[in-house]
Amino acid sequence: MAKITVEANRDSIPKVSSFVEGELEKLECPMKALAQINIAVDELFCNIVSYAYPDGLGQAVISVESPAPKMVALTFEDWGVPYNPLEKPDPDITLSAEERNVGGLGIFIVKKTMDSMTYKREDKKNILRIEKKWQ
């Protein structure tokens, strides 16, 4: 398992993206899955940056592992405000952009493009895990 610990701020976004991409290249992840995972990483890390630490100070740990061939699992951990994004209802995408409530689309996209997404709160820590398989 590869792991990176970063400050949960916007300056860390390129470092997180580069780390994940490097690990995916080692796993020979195809371009389509890589693009979907990159979007998921951006959405999930930006949520940590935006909401986990109201005072703006905190860290996040991102782990990448391959539990099976042609599969990757990424885990996002933070010690911020407890928040389970899976409890939020999906946005009604049948409505026009003007009619829809603001927010929630990023998590919806992650749920739709990943094979699984789980959340747990353990030891005062938010732990969000996504998994993606490819052919």
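The values are calculated or read from the model by the stated rules, or taken from the named source; none is laboratory data. Please read all numbers here as calculations on a predicted model, not as lab measurements. Cβ placement follows ideal geometry from the backbone for every residue including glycine, while neighbour counts extend to all protein chains displayed. All accessible areas refer to the heavy atoms of the entire protein, side chains included, with ligands and DNA or RNA removed. Shrake-Rupley method; radii C 1.70, N 1.55, O 1.52, S 1.80 Å.
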Do we have any residue at all in the stretch 69-86 that's part of a loop (DSSP other than H, G, I, E, B), modelled with pLDDT of 95 or more, aliphatic (A, V, I, L, M) and open to solvent by less than 30 Å² (accessible area, probe 1.4 Å)?
no
Only one of S50, S18, S12 is open to solvent by 20 Å² or more (accessible area, probe 1.4 Å), modelled with pLDDT of 95 or more and part of a helix (DSSP H, G or I); which?
S18
Scope the stretch 53-68; condition in a loop (DSSP other than H, G, I, E, B) and open to solvent by 40 Å² or more (accessible area, probe 1.4 Å); matching residues:
P54, D55, G56, L57, S66, P67
Which residue, of K32, K26, is touching a residue at least 60 places away in the same chain (Cβ under 8 Å) and surrounded by fewer than 17 Cβ atoms within 10 Å (Cβ to Cβ)?
K32
Please go through the stretch 93-135 and give me each residue that is modelled with pLDDT of 95 or more, under 15 Å from the mean Cα position of the chain (by Cα) and among the hydrophobic types (A, V, I, L, M, F, W, C), ordered by number.
M114, M117, I127, L128, I130
Could you say which residue among E28, E43, E21, E87 is of a type in the set (D, E) and within 13 Å of the chain's Cα centre (by Cα)?
E43
